[in-house]
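**Q** Questions regarding the structure given below will be posed in turn.
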Amino acid sequence: MDPRLNIIDKRLAGIKRIIAVSGGKGGIGKSLTASVLALTLSRLGFRVGLLDLDLSAPSTHVILGTEGLYPEEEKGLVPPVIHSIEFMSIVYFTGDNPVPLRGIDVSNAMLELIAVTRWGSLDFLIVDMPPGIGDATMDVIRWMKRAEFLVMATASKVALETVKKLIKMLRVLNVPIIGVIENMKRGDSRLVTEGLKEFDVPFLAVIPFDEKIEDSIGDVNNLLKSDFAAKMKEIVTTYF
Ligand SMILES: Nc1ncnc2c1ncn2[C@@H]1O[C@H](COP(=O)(O)OP(=O)(O)O)[C@@H](O)[C@H]1O
Ligand SMILES: [Mg+2]
């Protein structure tokens, strides 16, 4: 028995809700959503943590601009606080290096991070999930038993197939789904709403494609002024 498995529940005990931002494919806005969701909740007065578990493409440190801040070792790792958010990322283990880890090594890196991180008492821990619906996602579901999923989708036939698989898997495993957000919407495609009808999951919102968002990456004040953030605030105040 891996002793790290025993400590996880204790590490997460002071957290009220764990929100996993997932969606299968890469490039659909999981990291931007996780980051802006964390910022929005924090600005509304909640105590928030953000955990980046995307081993192959960690991004939230770039979106929030966390340069120069590092966890501190103290009977575990204490996350640095950035813009009032307790922030921990797999990037603190990997740096800028590509991570040629496979199978069990990926599991091990994520397990290590979850087992060593000492969160304060939090209202929300937002988890930027690895893409895909394979081992890494299954691991998180096993380890973070209270995780509720926010499912990101885009109007792409290819991406939607993975979203459907993810929803099916979450249903089989009895994992709560907060709902689906359709991101990067251009035009009036009904692909996502039609395609997900059969699952009867709450459809939370459409976030339009925001031409200007790229200029705000790494700049939290501008990020919070974006249309993307305005939409996120609507979602949070309605559904969280
Ligand atoms: N609604 C949107 N409008 C415009 N660009 C977006 C939107 N959502 C995300 N992006 C951009 O798309 C890229 C991929 O988003 P990201 O959050 O990294 O996706 P993922 O984490 O799913 O791989 C980023 O450059 C991000 O800024
Ligand atoms: Mg990402």
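The values are calculated or read from the model by the stated rules, or taken from the named source; none is laboratory data. Quantities reported herein were computed from a predicted structural model and do not represent experimental measurements. Every residue, glycine as well, gets a Cβ built from its backbone with ideal geometry; the counts of neighbours run over all protein chains shown. Note: accessible area is taken over every heavy atom of the protein model, side chains too, but ligands, DNA and RNA are not part of it. Shrake-Rupley method; radii C 1.70, N 1.55, O 1.52, S 1.80 Å.
**Q** Are any of the residues in the range 89-105 surrounded by 21 or more Cβ atoms within 10 Å (Cβ to Cβ), in contact with a helix residue (DSSP H, G or I) (Cβ under 7 Å, 6 or more places away or on another chain) and at pLDDT 95 or above?
**A** yes
**Q** Then there is this: State which residue pairs qualify: first residue touching a residue at least 40 places away in the same chain (Cβ under 8 Å) and inside the range 211-240, second residue of a type in the set (K, R) and open to solvent by less than 70 Å² (accessible area, probe 1.4 Å) in any location, beta carbons under 7 Å apart, and separation of 6 or more residues or different chains.
**A** Here the result reads none, with nothing in the range 211-240 linked to a residue that is of a type in the set (K, R) and open to solvent by less than 70 Å² (accessible area, probe 1.4 Å).
**Q** While we're on this one: Output the residues belonging to the range 38-88 that are of a type in the set (A, V, I, L, M) and closer than 19 Å to P130 by Cβ. Walk me through it before giving the result.
**A** Step one: list which residues in the range 38-88 are of a type in the set (A, V, I, L, M), which gives 38-39, 41, 44, 48, 50-51, 53, 55, 57, 62-64, 69, 77-78, 81-82, 85, 88.
Those that are of a type in the set (A, V, I, L, M) and closer than 19 Å to P130 by Cβ: A38, L50, L51, L53, L55, A57, V62, I63, L64, M88.
**Q** Taking the criterion of being more than 16 Å from T60 (Cβ to Cβ), more than 16 Å from ligand 2 (Cβ to nearest atom), open to solvent by 10 Å² or more (accessible area, probe 1.4 Å) and in contact with a Leu (Cβ under 6 Å, 6 or more places away or on another chain), would at least one residue in the range 12-26 satisfy it?
**A** No, the conditions are met nowhere in the range 12-26.
**Q** So is S42 modelled with pLDDT of 90 or more, crowded, with 20+ Cβ neighbours inside 10 Å and not hydrophobic (A, V, I, L, M, F, W, C) or not? Before you say what the answer is, go through the steps one by one.
**A** On the way: modelled with pLDDT of 90 or more: yes; crowded, with 20+ Cβ neighbours inside 10 Å: yes; not hydrophobic (A, V, I, L, M, F, W, C): yes.
Here the answer is yes, as S42 does meet what is asked.
**Q** Please name all residue pairs, on different chains or six or more residues apart, with Cβ atoms under 9 Å, provided the first residue is in the range 143-165 and is part of a loop (DSSP other than H, G, I, E, B) and the second residue is of a type in the set (S, T, Y).
**A** Once the first residue is part of a loop (DSSP other than H, G, I, E, B) and sits in the range 143-165, its partners that are of a type in the set (S, T, Y) give A155/S189.
**Q** Within the range 128-149, restricting attention to residues that are within 12 Å of ligand 1 (Cβ to nearest atom) and open to solvent by less than 30 Å² (accessible area, probe 1.4 Å), which residue is farthest from P71 (Cα to Cα)? Spell out how you get there, then give the answer.
**A** In the first step, residues of the range 128-149 are kept if they are within 12 Å of ligand 1 (Cβ to nearest atom); the result is 128-132.
Retained after the next criterion (residues that are open to solvent by less than 30 Å² (accessible area, probe 1.4 Å)): 128-130, 132.
Numbers: D128: 18, M129: 20, P130: 21, G132: 28 Å.
Selected residue: G132.
**Q** Mind checking which residues of the range 12-50 are in contact (Cβ under 8 Å) with a residue 60 or more places away in the chain and touching a His at 6+ places or on another chain (Cβ under 8 Å)? Break it down stepwise before answering.
**A** Within the range 12-50, the subset in contact (Cβ under 8 Å) with a residue 60 or more places away in the chain is 12, 14-26, 28-41, 43-44, 46-50.
The answer is L39, and nothing else.
**Q** Out of the residues in the range 212-227 that are assigned to a helix (DSSP H, G or I) and over 13 Å from A38 (Cα atoms), state the one that is farthest from ligand 1 (Cβ to nearest atom). I'd like the intermediate steps shown before the answer.
**A** Step one: filter the range 212-227 for residues assigned to a helix (DSSP H, G or I), giving 213-216, 220-225, 227.
From the residues that got through so far, the ones that are over 13 Å from A38 (Cα atoms) too are 213-216, 221-222, 225, 227.
Details: I213: 5, E214: 6, D215: 10, S216: 9, N221: 16, N222: 12, K225: 15, D227: 8 Å.
Looking at residues that are assigned to a helix (DSSP H, G or I) and over 13 Å from A38 (Cα atoms), I get N221.
**Q** Could you tell me whether the range 172-189 includes any residue that is surrounded by fewer than 14 Cβ atoms within 10 Å (Cβ to Cβ), more than 17 Å from the chain's Cα centre (by Cα) and within 16 Å of ligand 2 (Cβ to nearest atom)?
**A** no
**Q** Would you mind listing the helices (runs of 4 or more DSSP H) fully within the range 1-118 where at least 3 residues are under 25 Å from D210 (Cβ atoms) and away from ligand 1 (no atom under 15 Å from the Cβ)? Walk me through how you get there before you give the answer.
**A** Numbers: elements: 3-12, 30-43, 60-64, 91-94, 103-116.
Output list reads 30-43.
**Q** Could you check how many residues of the range 84-97 are farther than 13 Å from E67 by Cα and in contact (Cβ under 8 Å) with a residue 24 or more places away in the chain? I'd like the intermediate steps shown before the answer.
**A** From the range 84-97, those farther than 13 Å from E67 by Cα are 84-86, 90, 93-94, 97; that's our starting set.
This time we only want the ones that are in contact (Cβ under 8 Å) with a residue 24 or more places away in the chain, so: 84-86, 90, 94.
Summing the residues that are farther than 13 Å from E67 by Cα and in contact (Cβ under 8 Å) with a residue 24 or more places away in the chain in the range 84-97 gives 5.
**Q** Being over 16 Å from I114 (Cβ atoms), touching a helix residue (DSSP H, G or I) at 6+ places or on another chain (Cβ under 7 Å) and not charged (D, E, K, R) narrows it down to one residue among S56, S84; which is it? Lay out the reasoning, then the answer.
**A** On the way: S56 fails: touching a helix residue (DSSP H, G or I) at 6+ places or on another chain (Cβ under 7 Å).
Unique residue meeting the criteria: S84.
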